[in-house]
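First up is the structure itself, then whatever we jot down about it.
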Amino acid sequence: MQTNTYRYAGLDEVGKQYVLCLLDERGKNPHYYQGRSDTMKGQEKCLGLLKAPRKVLAASTPLGLLLLATFGEEKLMLKGEDEHYAIWERAGVERGRKMARFTALLLFSSFQSPKILDEREKHHLLAMQGEAMESIRLLGDESQRSLDSLLKGKEESSVVDKALRLEVKSRQDGIAVPEKVPTAPPIQEEDSFFSRLYHTLQKLK
C-alpha cells in the first residue's frame, strides 16, 4: 500500500459507518476504506489512513470534528452535513462510496491551477472574440445610420423606435465599459423632437 502517493481524501458517513476515498496527486486511482465511526478502533484506523493525504474534506459530524482537532484547519475542511452533503445527495450523489469519491474530487478540483489553453482552444477563443467584436461593429454601424437619419430631419416613428432600441441594446450587451464623460446639459427646447428623444432616453436609463 503506497499511501505516500495519496494527496486528497473525501469522507462520508452513513449511520455509524464511514467511507473514505483517497486520490493521488492527479485526482485518480481511488482507494476506498471503511470502518466504524463510533468506536475508538474505527476512529484510530481513520486517523491512520488520513496521515498521508495533503487535504481532507469531511462532514461536520463528531468524527469530522475529531479529525479537525487532530489535523487542524490547514489540512482538514469541514462541510455541513445538513447543508452541503444533503444538497449533493438531493442532486443525485449516492451516499457512501460515491459521495466519498465525489467530495475527494471536489477537493482536488478546488486546488488546481487555471487550465493552460492549447492551440486549438486558443483559436476557438479568438474566433469567439472576433464574432463578438463584429457584432459590436455592426451594431455601431446600424446605430450611426439611424442617428444620421434623425439628424437629417427624418422623424418617422419607425426610425425613432429603431434608434431607441439600438441604444438600449448597446447598453445591455455590456461588452466594453466606456470611460465616464461629462453629462450634456438637458435640451431646453421642450417641444422639439430632440427634446422628446432626450427625455425618452433618460427614462430608459
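None of the figures in this text is laboratory data; all of them are computed from the coordinates on show. For clarity, every value in this text was computed on a predicted model and none was experimentally measured. We place every Cβ from the backbone using ideal geometry, glycine too, and count neighbours over all the protein chains shown.
Values as computed for the structure displayed
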| read-out | value |
| --- | --- |
| Members of segment 14-56 found to be over 28 Å from the mean Cα position of the chain (by Cα) and among the charged types (D, E, K, R), listed by number | Lys16, Arg36, Asp38, Lys41, Glu44, Lys45, Lys51 |
| Residue that is farthest from Phe71 (Cα to Cα), among those in segment 1-30 that are of a type outside the set (A, V, I, L, M, F, W, C) and in contact with a Cys (Cβ under 7 Å, 6 or more places away or on another chain) | Pro30 |
